[in-house]
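Values quoted throughout were computed directly from the atomic coordinates according to the rules given, and no laboratory measurement underlies them. Remember, predicted model here, so these are calculated numbers, not experimental data. Cβ: placed from backbone, ideal geometry, glycine included. Neighbour counts: every protein chain shown.
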Amino acid sequence: MQENEAIGRLLNEWRTQKGLTLQQLADEVGVSAAFISQVENGKASPSIANLRGLARALGHRVVDFFIDELIDDPMVLPEVMWTDVDMAGWDATIRQMVRIAGNKQMQPFYTVIKPGKGSRDMFSHPGEEFGVVLSGEMTLTVGEHVYRVKALSSFYYSCLLPHSWINEGEEDCVVVWVVSPPSW
């Protein structure tokens, strides 16, 4: 029950910060105001689908409900503390370079793309992306434009444009990638 209470406190805090009534949030998420009230009071356990809807409506991610507020979010994070990320549709080794992304405006990743690997399809989403290729090279497609991004070159684009990337070279491509706002 303590987890439900913690989720409820966060939900109430985020809803209040946004200036939303129970009914306004309920309408946006597609649940009842009574259900949100029960969650906020620790009396109901929302499904992952409901948590996803609530988080999205309030500008957060599902994982933000479960971050222990006692965890220190360090300014300096050694590589051993980076978190592995598994993204459907991406064929690369991706490591988040900050411990908690939900309270930040940017989400940096250390990405290693093996030869012949990359994103499988074009995709788009809200936000912007910036990156710098540290070694190797990759082919970046943004909209109808195709770019060869070589070592020590950077890129920046609106994520609203369909984009994809692939390593067509013969060696690993290492990229520091920054997404804003954090996507997951």
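Please say if the stretch 84-137 is rounded, prolate or oblate, where rounded means a/c under 1.5 for a ≥ b ≥ c the square roots of the C-alpha gyration tensor eigenvalues, and otherwise the choice is prolate for a/b larger than b/c and oblate otherwise? The shape class here is prolate.
Every Cα-Cα pair in the stretch 2-66 was counted, and those over 19 Å apart are 13% of them. Report, in debye and to the nearest 20, how large the dipole of the chain comes out about its Cα centre when Lys and Arg carry +1 and Asp and Glu carry -1 on their Cβ. So the magnitude is around 340 debye. Using a cut-off of 15 Å between beta-carbons, work out the net charge of the residues near residue 158 (Lys and Arg +1, Asp and Glu -1, residue 158 not included). Value of the local net charge: -3.
D by Stokes-Einstein for the stretch 79-180, Kirkwood Rh over Cα pairs, 20 °C, 1.002 mPa s: 157 µm²/s. Using C-alpha pairs below 8 Å separated by at least 6 residues, the relative contact order for the stretch 92-184 is 40 percent. Suppose the Debye formula is applied to equal point scatterers at every Cα of the chain; what is log10 I(q)/I(0) at q = 0.16 Å⁻¹? The Cα Debye sum returns log10 ratios of -0.99. Every helix of 4 or more DSSP H residues in the chain counts as -39500 (n - 2.57), and over all residues that averages to -7000 deg cm²/dmol at 222 nm. Taking Cβ atoms as reference points and 11 Å as the exclusive limit, the residues near residue 28 contribute a net charge of +2, counting Lys and Arg as +1 and Asp and Glu as -1. When only alpha carbons are used to place a centre, the stretch 4-57 and the stretch 85-116 end up 28 Å from one another. When you restrict to C-alpha pairs under 8 Å that are six or more residues apart and normalise by the size of the chain, the relative contact order lands at 18 percent.
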